[in-house]
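See below for the structure under consideration.
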Amino acid sequence: MSSMKPESPVQGGEQLTADQERRQEIARAAQRLEAFLQTLNPDDMARQSACEGWTVADVVGHLVERGGPIPDQIERGLAGDLSPTPGISTEPPVSEDQFRLDLDRSAVALRHELGDRLLEELARQNREFDRVLSLVQPGDWEKLCYHRLRPETVRAKTDIRIAELAMHEWDIHWAFDKDAALAEDSLPGLVSASGRAVRRAFRPDPARTRPVRYRFDLSGPAATTVDVVLAPEGAGFEIAASPQPDVVFNSSAATYAMVIFGRLKLDHAIESGRVTTGSDAQLVSAFIAAFVGG
């Protein structure tokens, strides 16, 4: 077993998505997306999505490519096996930017490879997720699973899928409705899973002389507080933390998710009133400048 510290989706706080609800949340999102995709024709699938450079079909290819190994990794983890899924790359990415480029290429390549079988493969994969999650018992959520950087818990693996389905469902709907909203029942999972997006959205910066704690005070469905802590080594993430923040942003959980997952620029959200803050303008500007996405 690896001695590296396991990846944890949340530090110092609560889980917004109860473990027993994770399977149902993934199933609902998967069924909703499959039903919508079945209504689309080839021209619809070729439309530009909200993901820069990706068509609707490319987004589906990305979902299939990213989700493919996860059920096997969870099933292996449940059995105490931390070995990788055969056939997947075990080399860590050279950089976050290279990782993003590799994602772009692999999504398009898989979409071309699958062709007319794209939606069939997504449906098959969704069924496999549901089968494997039906095996998870209450005491299994902290069991570790393979990841090429460090082991991840079963809970973290399911959070990945929740976030991927919820955000990319929005990306696809955006192609047909520029006023599309995130599915309300996906918000608890998106907020819980946003720690990964936070860590990928900010690069290390030795010019930061001390950690700065930015608190998002979220309202509406999935109301909670989320802290993003920018330090020289990168970004940390905590839910319902107790330390005093340096900056406070107020928004809905949906707006927070759109900002942190890179679909809405924070400065635009502030200008439009979707995010409010009375905090130090210089620290707010530093957060906006440091956010590069991932």
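Here are some notes:
- Identity of the residue in segment 200-217, out of contact with any Leu (no Cβ under 9 Å at 6 or more places or on another chain) and within 21 Å of VAL275 (Cα to Cα), that ends up surrounded by the fewest Cβ atoms within 10 Å (Cβ to Cβ): ASP217
- Remark: VAL191 falls outside the filter, which requires a residue to be within 26 Å of LEU33 (Cβ to Cβ) and in a strand (DSSP E or B).
- Screening ASP205, ASP177 for residues that are without any contact (Cβ under 8 Å) to a residue 12 or more places away in the chain and part of a loop (DSSP other than H, G, I, E, B) leaves exactly one candidate, ASP177.
- Near pairs, Cβ below 6 angstrom, 6+ apart or cross-chain, from segment 106-117 (over 12 Å from THR55 (Cα atoms)) to any residue that is surrounded by 13 or more Cβ atoms within 10 Å (Cβ to Cβ): SER106/GLU65; LEU110/GLY61; LEU110/GLU65; LEU114/GLU121
- All positions within segment 147-162 that are of a type outside the set (A, V, I, L, M) and touching a strand residue (DSSP E or B) at 6+ places or on another chain (Cβ under 8 Å): HIS147, ARG150, PRO151, GLU152, THR153, LYS157
- So SER252, is it among the polar types (S, T, N, Q) and more than 12 Å from LEU182 (Cβ to Cβ): no
Rule-based calculations on the coordinates, nothing more; no lab input. Note that the structure is predicted; figures quoted are calculated from it, not measured. Cβ: placed from backbone, ideal geometry, glycine included. Neighbour counts: every protein chain shown.
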